[in-house]
Amino acid sequence: MTEPARTTESVRVRFSPAPTGFLHVGGARTALFNWLFARHHGGTFILRIEDTDVARSREEWITGIQQTLLWLGLRWDEGPVLQSGRFDRYLAAAERLLTEGKAYECFCTEDEVRERNEAARREGRTPGYDGRCRDLTPEQRAAFAGEGRPRSIRFRTPDEGVSCFDDVVRGEVAVEWSTIHDFVIIRSDGTPLFFLANAVDDVDMEITHVIRGEDLLDSTHRVLALRAAFGHPDPPVYAHLPLIVGADRAKLSKRHGAIALEDFRDRGYLPEALVNYLALLGWAPDDGREILTQDELVAAFDLDRVNRSPAFFDYQKLDWMNGEYLRAMSDDQFAASVLRPALERVDVTLPDDAIAALTAAAKPRVTTVNDLADQLSFLVDEKNFEISDAEWARAVATQRAQEVLDIAIAHVERCEWTVEALNFVTELKDAGLKPAKAMPAIYVAIEGRSRGLPAFEAMYVLGRERTLARLRAARRRLDDGLDQAGSGTPD
RNA sequence: GCCCCCAUCGUCUAGCGGCCUAGGACACCGGCCUUUCACGCCGGCAGCACGGGUUCGAAUCCCGUUGGGGGCGCCA
């Protein structure tokens with residue numbers, strides 16, 4: 001007779017965010033690892049909204065988190081299950097713990113507890129509930145209740161011994177019970193807290209693997225204690241992921257800047273690139289590949305290759321990866337999903353032939369839609385076109401800038417209107433000019449900067465009239481500048 | 001203050017006792033290509049925090065130190 005192996009059980013995981021803000025990269029990575037694990041093992045990925053803190057939870061965040069998850073391509077199989085709709089269940093569980101003596105009524109007010117904790121900290125003592133209401137007699141409880149004191153329910157943690165569990169990524173994690181104090185499971189307003197709801201739901205939903213951030217490592221002991229108190233000693237498998245940190249190596253938070261996933265979407269990052277990058281934060285496939293499709297990630301992912309050290313979120317590498325995904329797109333795809341949105345941002349509409357010319361020119365030079373929009377900003381109408389002094393100075397630092405512009409003007413005035421025919425590099429060479437030295441003057445005249453999208457494509461898109469207008473304007477500015485310089489600084 | 005976790009190039013990582021004079025990627029620096037800038041290609045710089053053990057042999061195992069992080073909420 002063979003025993004059923006644990007691995008044959010179907011995997012059930014959940015992503016359980018608190019709807020108190022937007023989904024950030026840390027949460028997204030947690031969601032992704034849960035999703036990858038579920039898909040890899042053919043399991044079930046559940047979305048659970050931990051909105052037990054009614055005051056801080058907001059409907060709009062619940063919607064926002066779901067939309068962002070879908071944008072990333074992380075579809076859930078069950079849910080969303082809102083904990084706010086299951087309060088009866090948690091309250092019943094708390095009642096049971098109360099009758100069994102595993103929890104007790106606490107009449108300390110929130111302020112009192114906080115003050116005592118602050119005092120403890122000030123005096124160098126360990127903060128934590130001091131157990132004041134732990135062993136109240138029925139008479140004392142009645143008296144407190146009679147005074148109209150608020151009543152919360154606390155879980156009684158063991159006084160001695162060691163709490164220990166196995167974590168897939170961290171190994172055995174053990175801590176003395178004496179360092180874990182009694183904690184509140186029902187607020188004085190009658191609503192349940194995280195530990196309770198979390199423990200109850202993981203049992204009810206038959207969660208097999210809990211994959212979450214390392215910031216929850218210590219709380220696991222408490223959840224496990226509750227679970228045992230319910231009579232479910234057989235715990236799920238835990239995997240605590242390394243934290244994603246900011247430049248200061250601290251846990252990522254609002255002050256680290258644009259970390260809302262919506263921001264990445266708005267700036268024109270591809271969900272595939274973001275997912276790919278996020279997957280590599282705390283995990284790596286065994287063959288060293290870095291660019292992996294979602295299917296490839298699913299196939300390669302498993303918890304045993306998750307590492308333990310905190311990871312810094314590197315925007316530069318994300319930019320590179322997004323660029324890789326952009327370059328891998330077909331021209332049609334690129335034009336539709338990158339170029340056109342970028343043109344919309346600068347409020348410019350172009351005919352199809354111009355779109356085609358720009359697609360080829362832009363593809364290898366772009367990291368995001370935003371970035372492309374910036375590179376296309378020279379397409380604004382003439383009265384809004386500007387050349388910064390710094391860019392101008394850099395470009396005309398080359399000798400013979402007037403000559404370069406004159407060649408360009410003469411050529412553009414009479415050439416055939418195709419990108420190829422616009423090319424006057426041979427004429428520059430014939431005049432004894434080095435194209436690499438000469439061209440920046442053209443770039444600054446046409447695009448307002450000395451570096452940018454290829455010049456002849458830019459001119460083509462701009463059209464003959466506007467191209468000539470810009471070249472001539474630059475030529476005039478050059479003359480004006482020379483006049484001024486000539487009057488004051490004889491050489 | 002107490003508890004817990006972590007420690008390989010600037011960054012993300014490979015490495016799970018000999019294959020490591022430590023591999024890859026991003027970034028950076030050269031060169032080639034080239035109408036600028038990019039892309040691409042070639043090359044380079046750069047790391048096992050420190051100190052003790054264990055072992056014939058340690059980036060890999062153990063202990064300590066240092067450093068970093070997380071937690072200690074009627075937040076999750």
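The values are calculated or read from the model by the stated rules, or taken from the named source; none is laboratory data. Computed from a predicted structure; not experimentally measured. Note that each Cβ is placed from the backbone with ideal geometry, even for glycine, and that neighbours are counted across all protein chains shown.
Details
- The residues in the stretch A:215-245 that are touching a residue at least 40 places away in the same chain (Cβ under 8 Å) and either under 20 Å from A:Q83 (Cα atoms) or not aromatic (F, W, Y) (or both) can be counted, and the count is 19.
- Scanning the stretch A:318-349 for residues that are surrounded by 17 or more Cβ atoms within 10 Å (Cβ to Cβ), within 16 Å of RNA strand B (Cβ to nearest atom) and among the hydrophobic types (A, V, I, L, M, F, W, C) yields A:L318, A:M321, A:L326, A:F334, A:V338, A:L339, A:A342.
- Residues satisfying the stated conditions in the stretch A:17-68, i.e. of a type in the set (S, T, Y) and in contact with a Leu (Cβ under 7 Å, 6 or more places away or on another chain): A:T30, A:T52, A:T68
- The stretch A:134-153 residues that are farther than 14 Å from A:Y104 by Cα, paired with ones that are surrounded by 10 or more Cβ atoms within 10 Å (Cβ to Cβ) and among the polar types (S, T, N, Q) (beta carbon under 8 Å, 6 or more apart): A:R149/A:T109
- Helices (runs of 4 or more DSSP H) fully within the stretch A:258-328 counting 1 or more residues that are over 16 Å from A:T68 (Cα atoms): A:271-279, A:294-300, A:315-327
- Number of positions in the stretch A:77-117 that are of a type in the set (V, I, T) and either modelled with pLDDT under 95 or in a loop (DSSP other than H, G, I, E, B) (or both): 2
- Exactly one residue out of A:G463, A:G448, A:G432 is out of contact with any helix residue (DSSP H, G or I) (no Cβ under 6 Å at 6 or more places or on another chain), small (G, A, S) and within 21 Å of A:A354 (Cβ to Cβ): that is A:G463.
- Residues satisfying the stated conditions in the stretch A:274-299, i.e. closer than 21 Å to A:R212 by Cα and within 12 Å of RNA strand B (Cβ to nearest atom): A:N276, A:Y277, A:L278, A:A279, A:L280, A:L281, A:G282, A:W283, A:A284, A:P285
- You will find that of A:A197, A:A260, A:A174, A:A250, the residue that is within 9 Å of RNA strand B (Cβ to nearest atom), more than 29 Å from A:E160 (Cβ to Cβ) and of a type in the set (G, A, S) is A:A250 and no other.
- The set of residues in the stretch A:182-194 being buried (at least 16 other Cβ atoms within 10 Å of the Cβ) and near RNA strand B (Cβ under 7 Å from one of its atoms) consists of A:F183, A:V184, A:R187, A:S188, A:L193, A:F194.
- For the stretch A:18-35, filtered to residues that are assigned to a loop (DSSP other than H, G, I, E, B) and surrounded by fewer than 24 Cβ atoms within 10 Å (Cβ to Cβ), the residue that is nearest to RNA strand B (Cβ to nearest atom) is A:A18.
- Subset of the stretch A:450-464 [touching a residue at least 40 places away in the same chain (Cβ under 8 Å) and either near RNA strand B (Cβ under 8 Å from one of its atoms) or crowded, with 22+ Cβ neighbours inside 10 Å (or both)]: A:S450, A:G452, A:L453, A:P454, A:E457, A:A458, A:M459, A:Y460, A:V461
- Per the conditions (1) surrounded by fewer than 16 Cβ atoms within 10 Å (Cβ to Cβ); (2) within 46 Å of the chain's Cα centre (by Cα); (3) near RNA strand B (Cβ under 9 Å from one of its atoms), the sole criterion not satisfied by A:L422 is (1).
- Conditions (1) part of a helix (DSSP H, G or I); (2) more than 9 Å from RNA strand B (Cβ to nearest atom); number of the one not met by A:A120: (2)
- Any hit, the stretch A:87-95, residues being at positive phi, surrounded by fewer than 11 Cβ atoms within 10 Å (Cβ to Cβ) and away from RNA strand B (no atom under 15 Å from the Cβ): no
- Total residues in the stretch A:36-61, condition among the hydrophobic types (A, V, I, L, M, F, W, C), free of Cβ contacts under 8 Å to residues at least 40 places away in the same chain and in a helix (DSSP H, G or I): 1
- Members of the stretch A:238-270 that are buried (at least 19 other Cβ atoms within 10 Å of the Cβ) and not hydrophobic (A, V, I, L, M, F, W, C): A:Y238, A:H240, A:P242, A:G268, A:Y269
Yes/no matrix, rows are residues, columns are (1) of a type in the set (D, E); (2) modelled with pLDDT of 95 or more; (3) closer than 24 Å to A:E105 by Cα:
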| residue | (1), (2), (3) |
| --- | --- |
| A:E160 | yes, no, yes |
| A:V169 | no, yes, no |
| A:A174 | no, no, no |
| A:D182 | yes, yes, yes |
| A:I207 | no, yes, no |
| A:D215 | yes, yes, no |
| A:H221 | no, yes, yes |
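Yes/no matrix, rows are residues, columns are (1) outside any strand (DSSP E or B); (2) of a type outside the set (K, R):
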residue: A:P127; (1), (2): yes, yes
residue: A:Q140; (1), (2): yes, yes
residue: A:P150; (1), (2): yes, yes
residue: A:E160; (1), (2): yes, yes
residue: A:G190; (1), (2): yes, yes
residue: A:V210; (1), (2): no, yes
residue: A:T220; (1), (2): yes, yes
residue: A:L224; (1), (2): yes, yes
residue: A:R227; (1), (2): yes, no
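- Residues that are of a type in the set (A, V, I, L, M, F, W, C), more than 26 Å from A:A279 (Cβ to Cβ) and in contact (Cβ under 8 Å) with a residue 12 or more places away in the chain within the stretch A:68-94 comprise A:L82, A:F87, A:L91, A:A93, A:A94, listed in sequence order.
- Within the stretch A:162-188, the set of residues being outside any loop (DSSP other than H, G, I, E, B), farther than 17 Å from A:P127 by Cα and of a type in the set (D, E, K, R) comprises A:D166, A:D167, A:E172.
- Figure legend. Inter-residue proximity from the stretch A:189-209: first residues within 13 Å of A:R89 (Cβ to Cβ) and in contact (Cβ under 8 Å) with a residue 12 or more places away in the chain, second residues within 8 Å of RNA strand B (Cβ to nearest atom) and in a loop (DSSP other than H, G, I, E, B), beta-carbon distance below 6 Å, spacing 6+ or different chains. Indicated pairs: A:P192/A:T52; A:A197/A:T52.
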